[in-house]
Amino acid sequence: MLVVEKNALTEEIESLVQRFGKDRSSLLKILHEIQKTHRHIPDFAQQEIARLLDIHPVEVYSVITFYAFLNTEPKGRNLVRVCKTITCDLQGKDAVCKAIERELGCKFGESSKDNKFYLEYANCLGLCDMGPAMAVNERVYTNLTPEKAVEILNGVK
Amino acid sequence: MENKRKERKGAVLFTEYKAGKSIKKALSMKRDDILLEIKESKLRGRGGAGFPTSTKWMLTAAAIADEKFVICNADEGEPGTFKDRVLLMEYPDLVFDGMVIAGYIIGSSKGIVYLRGEYEYLLPSLNDYLENMRKDNYLGENICGKSGFNFDIEIHLGNGAYVCGEETALIESMEGHRGEARNRPPFPVTTGFMKKPTVVNNVETLACVTKIVEHGGAWYKEHGTDKSTGSKLFSISGDCAKPGVYELAWGTSIKELLEFVGAEKTKAVQVGGASGVCLNKTQFDRQLAYEDAATGGSIMIFNESRSMLHVLKNFMEFFVEESCGQCTPCRVGNIKLLEGVEMIESGEFTFSYINKLKDLGKTMQVASKCGLGQSSPNSFISILENFKDEILNNGNGGSNGK
Ligand SMILES: Cc1cc2nc3c(=O)[nH]c(=O)nc-3n(C[C@H](O)[C@H](O)[C@H](O)COP(=O)(O)O)c2cc1C
Ligand code: SF4
Ligand code: FES
């Protein structure tokens, strides 16, 4: 990481600490914001968060690894999460997933070659009455067909 | 998603309500009198465990501390549950008014909604709604002119962990830790968020309180059964013509519910989500109520074309992923149960081993540290019991309600 990048990241974290407070209870809020802007939580950010909140970096790492939405490695720019829980499964999530994989040329658990997408399975998204369901970043899409799912992804910038 | 508030019908929750009405009424009453109304209503928690709400609030009200918290549990991660999404989207007035009333009763000035990260798309409208409440002085200082009563609500987003719906794991998570359940006692009512007295309630429970304050405990109790008063929101999904969220009276039988949503050729009904139990045709006379088939409201319907082993495998995979790994019965037990399902799938199983796994499940029910591991064996045990002929006897044997 370049020094300028490091400095920018430090500044970003400092302002988050200012916004949420220096207490340990700010940790997940800070991690949430960093994850959102950087799509992962880089090593350097972990160290800086630890330093500014006065906790051990291992504590930060251990919290990150607990939560499905937080990750330490960079992933494709747009996070695609298709529900794999039973109701969506029975409503045809397999066909949807296969169509997405064919179209993007990568498997679930991988980023697409152009790094535009990362595909993963999610547990129940709370949209079971409108399955199959998926989330692309914060937006959700319901009643998917293979064709509709692919169209949605094609429309993502 | 469209807002269907105008079309929804119900006896208790899905009824007319003018935002702020119950807050005003509550603030004109004595705290103890509101608690008595809630006690009279016999309201029990809608998050699954069914704990009497008045008892929880009395304990927190009685606790002495400089700060107390009201937490609305909107983590809604149980597979097949989505009623809280509907309440938050279409009935934020009922939910937030309930939180303000809770704050008044227990003497708290801070409410926090723990919203599952998957519902982040609800955040803008919820924050707008809260902002309007501030403008109308339903939040803020000296609420509605009640001097000394200050209360505000903030929304905390979850980060994708089912176990964080468990109240002590939720508190751990809000304090910036891994979402690992705590040993209890102490209970959150005395030692909760930041070690302060805290009430944690489900979204629907809080909405019920608003209605109880509006119409009284006696009115509320007229609905439902003696032990399960009021009504219940059911999240109904799977093989039926009209999946969705419906308000039905407690005591409705499964058969009636299936008819109501237009389910045909139903083979199985999973009551209470992945951590609930699966019933076969011979059990469809059972009633949805705390005293019979208890549920946080998740109803999943499977028709005759579905493989129950496939259903069970999906549930067990869920628990293996979502176990926090803190205690051995749950961390190892769920993996063993999933392996058992895979053995059956490949035909490489013995009856004696499957029976051992059922015993393991019973051990998990008593030895696990939190509700996740205590309830995850429910589907394993009930599906292998209620669908044993389909799964273990090649369809022969006459059970499965055929
Ligand atoms: C693994 C697990 C997940 C839970 N998830 C939720 C949830 O998403 N929402 C909820 O209200 N309660 C959930 N609960 C129950 C809570 O621990 C707690 O009992 C409930 O929030 C209390 O509120 P109530 O009394 O209003 O039901 C969960 C429990 C367990 C063991
Ligand atoms: S029962 Fe499971 S989820 Fe609960 S504390 Fe033990 S390992 Fe964690
Ligand atoms: S099962 Fe897919 S959203 Fe619930």
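The values are calculated or read from the model by the stated rules, or taken from the named source; none is laboratory data. Note that this is a predicted model, so its numbers are computed, not measured. Counting neighbours? That spans all protein chains shown, and the Cβs are built from the backbone with ideal geometry, glycine included. Areas reflect the complete protein model, heavy atoms only, side chains present, ligands, DNA and RNA absent. Shrake-Rupley method; radii C 1.70, N 1.55, O 1.52, S 1.80 Å.
Once the other residues with Cβ under 9 Å from the Cβ of A:VAL82 are scored (Lys, Arg +1; Asp, Glu -1), what is the net sum?
After counting each charged neighbour, the total is +2.
Computed on protein heavy atoms with a 1.4 Å probe, the accessible areas place B:LYS388, B:LYS267 in the order B:LYS388, B:LYS267, largest first.
My understanding is that a pair violates if its Cα-Cα distance is over 26 Å; which of B:LYS39/B:LYS146; B:LYS195/B:LYS336; A:LYS84/B:LYS211; B:LYS227/B:LYS265 do that in this structure? Those over the limit are B:LYS195/B:LYS336; A:LYS84/B:LYS211; B:LYS227/B:LYS265. For A:SER111, the accessible surface of its heavy atoms amounts to roughly 40 Å² (probe 1.4 Å, protein chains only, rounded to the nearest 10).
Only aspartates and glutamates eight or more places from B:LYS135 in sequence, or on another chain, were considered; those with a Cα closer than 13 Å are B:ASP152. Each DSSP beta bridge with both residues in the protein assembly as shown is either parallel or antiparallel, and the antiparallel ones are about 50%. Beyond a 20 Å Cα-Cα separation, which of these cross-linked pairs lie in this structure: B:LYS9/B:LYS232; A:LYS29/A:LYS93; B:LYS4/B:LYS25? The pairs that break the limit, which is 20 Å between Cα atoms, are A:LYS29/A:LYS93; B:LYS4/B:LYS25.
From Cα pairs below 8 angstrom and at least 6 apart in sequence, can you work out the relative contact order of chain A, rounded to a whole percent? Across chain A, relative contact order equals 19 percent.
Scan the range B:194-248 for trypsin sites (Lys or Arg not before Pro) in coil per DSSP, keeping those whose Cβ has at most 15 other Cβ atoms within 10 Å, and list them by number.
B:LYS227
The overall shape of the range B:231-303, judged from the alpha-carbon gyration tensor, is rounded, with an a/c ratio under 1.5.
Listed by chain and number, the aspartates and glutamates placed with their C-alpha closer than 13 angstrom to that of B:LYS313 are A:ASP89, B:GLU321, B:GLU339, B:GLU342, B:GLU345; residues fewer than eight positions away on the same chain are left out. Is the shape of the range B:110-170 best called rounded, prolate or oblate, per the rule: a/c under 1.5 gives rounded, else a/b larger than b/c gives prolate, else oblate, with a ≥ b ≥ c the square roots of the Cα gyration tensor eigenvalues? Oblate, since a/c reaches 1.5 and b/c is not below a/b.
Compared with the dominant principal axis of the Cα atoms in chain B, helix B:328-346 is inclined by about 40°. Looking at the square roots a ≥ b ≥ c of the eigenvalues of the Cα gyration tensor of chain B, which shape do they give, rounded for a/c under 1.5, prolate if a/b is larger than b/c, or oblate? Note, shape of chain B comes out prolate. Solvent exposure of the protein assembly as shown, expressed per residue, is 41 Å² of accessible area, with all protein chains present and a 1.4 angstrom probe.
B:LYS255 exposes around 100 Å² of accessible area when a 1.4 Å probe is run over every protein chain in place. In this structure the amide hydrogen of B:ILE112, modeled in the peptide plane, comes within under 5 Å of the amide hydrogens of B:VAL70, B:ILE71, B:CYS72, B:GLU154, none closer than 5 places in sequence on its chain. Loop-located GluC sites (Glu not before Pro) in the range B:316-377 (DSSP state not H, G, I, E or B) with no more than 12 neighbouring Cβ atoms inside 10 Å: B:GLU348. Axis of helix B:31-41 versus longest Cα principal axis of chain B: the two differ by about 30°, to the nearest ten degrees. Model label points for B:SER307 and B:GLU348, set 7 angstrom from Cα along the Cα-to-Cβ axis, are 1.7 nm apart. Take every pair of alpha-carbon atoms less than 8 Å apart whose residues are at least six positions apart; their mean separation over the length of the range A:8-66 yields a relative contact order of 33 percent. Helix A:57-66 and the long axis of chain A differ in direction by around 20°, with both axes built from C-alpha atoms.
Of the GluC sites (Glu not before Pro) in the range B:1-76, the ones in a loop by DSSP (not H, G, I, E or B) with at most 14 other beta carbons within 10 Å are B:GLU2, B:GLU7, B:GLU16, B:GLU67. Across chain B, C-alpha contacts under 8 Å between residues 6 or more apart give a mean separation that, scaled by the residue count, equals a relative contact order of 17 percent. Summed over both chains, the area buried between B and A is near 3300 Å², taken from the accessible surface of protein heavy atoms with a 1.4 Å probe. Per the 1.4 Å probe, what fraction of the accessible area of the range B:1-64, in percent, lies on carbon and sulfur atoms? C and S atoms contribute 54 percent here.
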